[in-house]
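The values are calculated or read from the model by the stated rules, or taken from the named source; none is laboratory data. These figures come from a predicted structure and were not determined experimentally. Cβ placement follows ideal geometry from the backbone for every residue including glycine, while neighbour counts extend to all protein chains displayed.
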Amino acid sequence: MFEHCHWLNEPDRWALLPDGLMVTTNQATDFWRETHYGFIRDSGHFFAREVHGGFTASLRVRAQYEALYDQAGIMVRIDETTWLKAGIELADGEALLGSVLTTGQSDWATGPFRGDASDFWIRVTVERGVLRLQASADGQRWPLMRLCPFPVAERSWVGPMCCTPERAGLDVLFSDFTVAPPSGRALHDLS
């Protein structure tokens, strides 16, 4: 499942295990560009697989979020100024479902997650200039999380992402990673 992936910002501690990819985050890692804080961070861990054209990718993520901004999920990246990261992030005292879309500058959207935030699935479909993001508590039912424009690119990268801007040491197990042609499902098809 991860045989075609390569690291952007390889963590000091990681391993491919029979049940998935185990990662422990380094100190002060993040992906962010300018908005509100004024800084640029491109130090988060991203295990990327190159894709050409449209695709649907999904991933299971298991972690225990403890410190402000602890985060783990999926990333789609064209370059350092054009990307989306999405998953669970600890903010405002709880594990929230969040996404950051960056096209020059980052935005940030959060909301409650209906399920166990320590074990969830996330799916992204990119096709014809549109990105569709879904999150699932069980890997079966996939409510819509976000629909947004995303630049058309000849190639991009997709895969697991994790960061800890305020500390080191978030342990994350990523599994069930798949990349396939775009799903073609109707927008509100929950399966």
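A few remarks follow.
- Of the criteria (1) closer than 20 Å to His36 by Cα; (2) in contact with a Lys or Arg (Cβ under 9 Å, 6 or more places away or on another chain), which one Gly111 fails: (2)
- Strands (runs of 3 or more DSSP E) contained in the range 1-58 and holding at least 3 residues without any contact (Cβ under 8 Å) to a residue 60 or more places away in the chain: 13-17
Residue by residue, here is whether (1) surrounded by 21 or more Cβ atoms within 10 Å (Cβ to Cβ); (2) in contact with a His (Cβ under 8 Å, 6 or more places away or on another chain); (3) under 25 Å from Thr81 (Cβ atoms); (4) aliphatic (A, V, I, L, M) holds:
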site: Leu101; (1), (2), (3), (4): yes, no, yes, yes
site: Gln105; (1), (2), (3), (4): no, no, yes, no
site: Pro112; (1), (2), (3), (4): no, no, no, no
site: Trp121; (1), (2), (3), (4): yes, no, no, no
site: Asp138; (1), (2), (3), (4): no, no, no, no
site: Pro149; (1), (2), (3), (4): no, no, yes, no
site: Glu154; (1), (2), (3), (4): no, yes, yes, no
site: Arg167; (1), (2), (3), (4): no, no, no, no
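- The strands (runs of 3 or more DSSP E) found entirely in the range 101-159 that carry 1 or more residues being closer than 22 Å to His4 by Cβ, of a type in the set (A, V, I, L, M) and modelled with pLDDT of 95 or more are 119-127, 130-136.
- Scanning the range 59-95 for residues that are part of a strand (DSSP E or B), of a type in the set (D, E, K, R), farther than 15 Å from Val124 by Cβ and in contact with a strand residue (DSSP E or B) (Cβ under 6 Å, 6 or more places away or on another chain) returns Arg62, Glu89.
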